[in-house]
Amino acid sequence: MTNDCYLIVTYFLFAIASLSLGVAAYRVLRRPFEAVAEAVAGMRAATLKRTLALSITLAAVLGFLSVSYLDCNKGYDEIVKDRSYMDQINRQQLQHAGNWIVFAVLAWGFLVVILLAVWRRKKQEEARENDAHQ
């Protein structure tokens, strides 16, 4: 396989691998998040679930795309000649996709904590109102 073909094939393979990381992260988090979203958000749970899927997979793709093959010192011809450099960039693409997924999961974690705190306060206020009426 020529280095030009190698560059194209590995680029798309690692793009698929990065997207797969995002989908896998979503699949792992889907059920626990659904339970929290349905308990806290009620009618808006479906929107939250769709947004979770979109944000996790989008984070993986954006992390992948954040790595560039082009360097200040290397042009296309030099990049294509150096397979080890292409492999290094592919590893960086997966690493950045993973980092972005982690950041997205942390952001959703903070959102869930805030939603649960609001939900708890709302339940406590409802309980106080019920006790006051009795």
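Quick note: the coordinates plus some simple rules give every number you see, no bench work behind them. Since we're looking at a predicted model, the values are computed, not measured. With ideal geometry, Cβ positions are generated from the backbone for all residues, glycine too; neighbour counts draw on all protein chains shown.
Centre-to-centre separation between the Cα atoms of region 58-115 and those of region 1-38: 12 Å. Here the calculated FRET efficiency for Val9 and Leu62, from their Cβ-Cβ distance with R0 = 30 Å, stands at 0.85, rounded to the nearest 0.05. A Cβ-based charge dipole, computed about the Cα centre of the chain with Lys and Arg at +1 and Asp and Glu at -1, lands at about 480 debye. Report the calculated FRET efficiency for Lys74 and Arg50 (r = Cβ-Cβ distance, R0 = 35 Å), to the nearest 0.05. The value I calculate is 0.30. Label reach from Ser84 (point 7 Å along Cα→C-beta): in region 1-34, amide nitrogens under 18 Å belong to 3, 7.
With only Cα atoms counted, the chain has Rg and Dmax values of 21.9, 81 Å.
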